[in-house]
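Notes follow once the structure below has been shown.
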Ligand code: SAM
Ligand code: SF4
């Protein structure tokens with residue numbers, strides 16, 4: 001499946017739910033979050049049917065995200081079913097890690113080959129300040145469980161925020177020293193609650209300088225075909241790699257291979273744009289597979305050439321926890 005910029009769309013990110021057991025300041029409001037009702041979100045049967053159609057159109061990688069995907073009952077069973085779909089070569093999950101201790105072994109058995117775990121700090125007080133909940137020890141146990149379960153690709157996602165977790169930048173990198181996991185620093189995106197709260201990110205260049213001051217030079221690393229937008233580096237003596245996701249640059253738009261499906265079944269064409277198509281409406285009015293395929297192919301023709309976080313275009317009213325990052 002190609003868009004009009006000749007980008008191959010091979011990667012589908014699926015939000016299983018807009019609910020979450022944390023309330024990260026840059027993602028969700030502290031309270032008053034309107035939740036989708038059970039009937040609003042796609043059923044697992046609907047998701048499975050859509051993934052079959054997407055796989056037929058060339059999607060090779062699926063990521064389950066949220067909200068927090070592991071709070072939706074049956075997420076592991078869904079993973080098993082999606083992994084069995086012909087053409088799906090890679091199934092990954094993005095999680096805050098709170099429930100990973102409980103589910104890591106089952107996810108590994110389901111054939112999940114990648115876990116991205118969000119972890120912004122190694123200090124309990126900062127964890128509580130950022131996520132507005134306690135439970136850092138459980139999250140760290142979840143990471144350990146994922147390693148012990150033998151999940152092949154484990155990545156830590158760190159959103160760097162001025163005044164909240166600068167002092168964690170270096171200690172978090174050390175997780176990649178001891179284990180073969182990637183630690184990736186994500187530039188804060190100034191959208192939704194992050195913008196309203198006036199949060200400011202720490203620029204990737206500054207994060208890199210802090211790491212080089214602590215560990216010496218970062219050496220560019222080779223990337224695999226399905227590895228996404230991070231620029232990756234080695235540090236001498238480290239088993240894992242260090243990555244930077246420069247969310248505010250356009251450098252990865254030209255090779256963007258992603259589509260996003262919200263929990264309510266809206267197919268989003270770009271993180272920063274409201275463009276897309278309501279697949280739930282088509283599914284529930286009885287569209288057959290061919291009709292769905294045609295609708296998807298028509299929609300992807302309108303995938304934006306590049307994102308517009310600078311704010312000249314129409315911004316999507318959906319929040320990060322509704323889209324899944
Ligand atoms: N709950 C899961 C988690 O936290 O990993 C999955 C959903 S979360 C919305 C997906 C990713 O989006 C997380 O890595 C989170 O740090 C990131 N994220 C949320 N809001 C962000 C923002 N304003 N800027 C940059 N990244 C953000
Ligand atoms: Fe929940 Fe993930 Fe958003 Fe934090 S970043 S509030 S864990 S969805």
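The values are calculated or read from the model by the stated rules, or taken from the named source; none is laboratory data. As the structure is a computational prediction, the values presented were derived from the model and not from experiment. FYI the Cβ positions are ideal-geometry reconstructions off the backbone, even for glycines, and counts take in every protein chain you see.
Table: residues versus (1) in contact with a strand residue (DSSP E or B) (Cβ under 9 Å, 6 or more places away or on another chain); (2) closer than 25 Å to residue 271 by Cα.
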residue: 187; (1), (2): yes, yes
residue: 194; (1), (2): yes, yes
residue: 197; (1), (2): no, yes
residue: 209; (1), (2): no, no
residue: 219; (1), (2): yes, no
residue: 236; (1), (2): yes, no
residue: 240; (1), (2): yes, no
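Being within 12 Å of ligand 1 (Cβ to nearest atom) and within 21 Å of residue 101 (Cα to Cα) narrows it down to one of 193, 158, 183, so name that one.
On the way: 193 fails: within 21 Å of residue 101 (Cα to Cα); 183 fails: within 12 Å of ligand 1 (Cβ to nearest atom).
One residue alone meets the criteria, 158.
Within the stretch 187-202, does at least one residue satisfy the condition of being within 19 Å of residue 114 (Cβ to Cβ), assigned to a loop (DSSP other than H, G, I, E, B) and in contact (Cβ under 8 Å) with a residue 12 or more places away in the chain? No, the conditions are met nowhere in the stretch 187-202. Here 167, 227 are screened, and the one residue that is at pLDDT 95 or above and either in contact with a helix residue (DSSP H, G or I) (Cβ under 9 Å, 6 or more places away or on another chain) or surrounded by fewer than 20 Cβ atoms within 10 Å (Cβ to Cβ) (or both) is 167.
Condition first: in contact with a strand residue (DSSP E or B) (Cβ under 9 Å, 6 or more places away or on another chain), in a helix (DSSP H, G or I) and more than 16 Å from ligand 2 (Cβ to nearest atom). Can you find one or more residues in the stretch 122-140 that meet it? No, that holds for no residue. When you check residue 287 against the structure, is it away from ligand 2 (no atom under 16 Å from the Cβ), at pLDDT 85 or above, crowded, with 17+ Cβ neighbours inside 10 Å and more than 17 Å from the chain's Cα centre (by Cα), yes or no? For residue 287, the condition - away from ligand 2 (no atom under 16 Å from the Cβ), at pLDDT 85 or above, crowded, with 17+ Cβ neighbours inside 10 Å and more than 17 Å from the chain's Cα centre (by Cα) - is not met. Can you tell me which residue in the stretch 247-281 is surrounded by the fewest Cβ atoms within 10 Å (Cβ to Cβ), limited to those that are assigned to a helix (DSSP H, G or I) and at pLDDT 90 or above? Out of the qualifying residues, it is 281. What number of residues within the stretch 20-41 satisfy the criterion of being over 19 Å from the mean Cα position of the chain (by Cα) and within 24 Å of residue 278 (Cβ to Cβ)? Looking only at that region, the number is 8.
The rows are residues; the columns are (1) surrounded by 18 or more Cβ atoms within 10 Å (Cβ to Cβ); (2) within 16 Å of ligand 2 (Cβ to nearest atom); (3) over 18 Å from residue 325 (Cα atoms).
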position	(1), (2), (3)
7	yes, no, yes
10	yes, no, no
69	yes, yes, no
79	yes, no, yes
97	yes, yes, no
105	no, no, yes
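Any residue that is out of contact with any strand residue (DSSP E or B) (no Cβ under 9 Å at 6 or more places or on another chain) and within 16 Å of ligand 2 (Cβ to nearest atom) - is there at least one of those in the stretch 81-89? Scanning the stretch 81-89 turns up no residue that is out of contact with any strand residue (DSSP E or B) (no Cβ under 9 Å at 6 or more places or on another chain) and within 16 Å of ligand 2 (Cβ to nearest atom).
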